[in-house]
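Peer 1: Questions regarding the structure given below will be posed in turn.
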Amino acid sequence: MELLTDKTTVDLKESLTTCKTFYSYLNIVSKLEQMVKRMSKVASHIYLLKIMKYKSPTLETNTGIVTGLEVQTKDEQWISFEPRPSSFQNMSGDALMVWSNDRIRSPYHRVLMSGNELRYWLGLFTFNVGIMEVPEELFNDEHPSQYKPFWILLLLHGPIIQTKSSV
């Protein structure tokens, strides 16, 4: 896996179309996210857009089939997900898991590949500016808050495990 930092890695003929596609994706997802977050206090947000390139293993001599995304279920089984070529996927992240007090889970996932295909991955990460905490309406005596308040940008440095409350 390597981060695409050089604009010349994308074919110049396709770069304008690719940029328009990324921009459309960013607009659609950010509008969807804003609608969802209106259920609670809407804060300032920052966005991190990551473009990654997965190369297939060089010693692999399989059929050239690029398998897709796999998601781990609650019973730790991996299930395959084969999206349509014109689709995009959205997964909840750790911040939404904290915000929902574990009602919405952040799934473990992976990409398996074989053959000589390249796969590009576009990830849009959204962060509230400030402290992340479970809204008051999502916890009570029966269902206490599962997380201590924390500075949201800490998610850039690792998983949210260190923010779990000891309940």
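Peer 1: Can you say whether R105 is in a strand (DSSP E or B) and either farther than 24 Å from T21 by Cβ or touching a residue at least 12 places away in the same chain (Cβ under 8 Å) (or both), as far as the supplied structure shows?
Peer 2: Here the answer is no, as R105 does not meet what is asked.
Peer 1: While we're here: Pairs under 9 Å by beta carbon, first residue of a type in the set (D, E, K, R) in the stretch 28-48, partner at pLDDT below 80 and assigned to a loop (DSSP other than H, G, I, E, B), six or more apart or different chains?
Peer 2: Filtered contacts from the stretch 28-48: K37/A43.
Peer 1: Name the residue that is nearest to the chain's Cα centre (by Cα), counting only residues in the stretch 99-143 that are at pLDDT 75 or above, among the small types (G, A, S) and within 30 Å of P85 (Cβ to Cβ).
Peer 2: Among those residues, the one meeting the criterion is G123.
Peer 1: Identify all residues within the stretch 118-154 that are of a type outside the set (F, W, Y) and exposed (fewer than 13 other Cβ atoms within 10 Å of the Cβ); write none if there are none. So that I can check it myself, show each step before the final result.
Peer 2: Initial filter on the stretch 118-154 (of a type outside the set (F, W, Y)): 118-119, 122-124, 126, 128-138, 140-146, 148-149, 152-154.
L118, G123, V129, G130, I131, E136, E137, N140, D141, E142, P144 - these are the residues of the stretch 118-154 that are of a type outside the set (F, W, Y) and exposed (fewer than 13 other Cβ atoms within 10 Å of the Cβ).
Peer 1: Go through the stretch 45-98 residue by residue and tally those that are aliphatic (A, V, I, L, M), assigned to a loop (DSSP other than H, G, I, E, B) and at pLDDT 75 or above.
Peer 2: Going through the stretch 45-98 one residue at a time, the tally reaches 1.
The values are calculated or read from the model by the stated rules, or taken from the named source; none is laboratory data. Values in this document were obtained by computation on a predicted structure and should not be read as measured data. Cβ: placed from backbone, ideal geometry, glycine included. Neighbour counts: every protein chain shown.
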